[in-house]
1. Which whole-Hz couplings ³J(HN,Hα) result when phi for each residue of the stretch 165-173 is put into the Karplus expression 6.51 cos²θ - 1.76 cosθ + 1.60, θ = phi - 60°, listed in order with x for Gly and Pro?
2. Using 0.36 nm per residue, how much length does the chain from N189 to L88 gain when fully extended, once their Cα-Cα distance is taken away?
3. In whole Hz and in residue order, list the ³J(HN,Hα) couplings for the stretch 67-83 that follow from phi through the Karplus curve 6.51 cos²θ - 1.76 cosθ + 1.60, θ = phi - 60°; x for Gly and Pro.
4. So how much slack lies between S134 and Q156, counting 0.36 nm per residue of separation and subtracting their Cα-Cα distance, in nm?
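Laboratory data are not the source of any read-out in this text; all were calculated from the coordinates shown. Computed from a prediction, not measured in an experiment: that's the story for all the values here.
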Amino acid sequence: MFFKKGVKVKKIITAFLCVAFVFGLCNKNSLASDTKALVGQTAYTRSNLKANGSTIYFHNMTNVGQRIPAGTEVVIIGAGTKYIKFNLPGGERKYKLEVRSSDYDKYFVEDVASLQIEGLNKKTKGRFVGMVPSLGMTKDEVYIIRGCPAWIGPGQKAWYYTFDQVMDSNQWYYNKNKGTGEMIVHFQNDVVSEIEDLT
């Protein structure tokens, strides 16, 4: 009797593992086709991005090199499970954005007009280059200026959340570098209500 039950359990486990394998294979193939579809597309940076040489991390750190302005036209030249590669116009510079290709919409838009950069108020435009948020800015303005935060709440690394989930959060934690916090931006009714300095 025990032997027969053991065989049943073994068959159930084997069937489960087969289903999980097939499901994983389908998802992998789906992701592969999605990433291939990105290659060759023209897009625009959703926010200011900071590059450390040719590398851009998933969140913006103020103490790394070059700023690629929001609304910059790019061409996607590669995409994978943990990266998106792109060229600046004319192919003059190549960058590797260390994010999942499924997070494409956190960093790029198809229509630059959707960002409404030209419509930013004077105060916001004045903070565009320095990438410094201020009281009264909207979430959209902060995102354009500073980009994806490192965290969206205690223990909530932005890497694991979608663009919509980031935008729904009312706390955005920004880092100076990989390990040093810089500020927490608090929102109330989608407007900056407080900025905590962590430096």
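1. Values, residue by residue: 5, 4, 5, 7, 6, 10, 9, 10, 9 Hz.
2. Numbers: separation 101, 0.36 × 101 = 36.36 nm, distance 3.57 nm.
The N189-L88 span can extend by a further 32.8 nm.
3. Result, ordered by residue: 9, 9, x, 4, x, 6, 6, 9, 10, 6, 10, x, 7, x, 5, 9, 7 Hz.
4. Numbers: separation 22, 0.36 × 22 = 7.92 nm, distance 2.30 nm.
Length gained between S134 and Q156: 5.6 nm.
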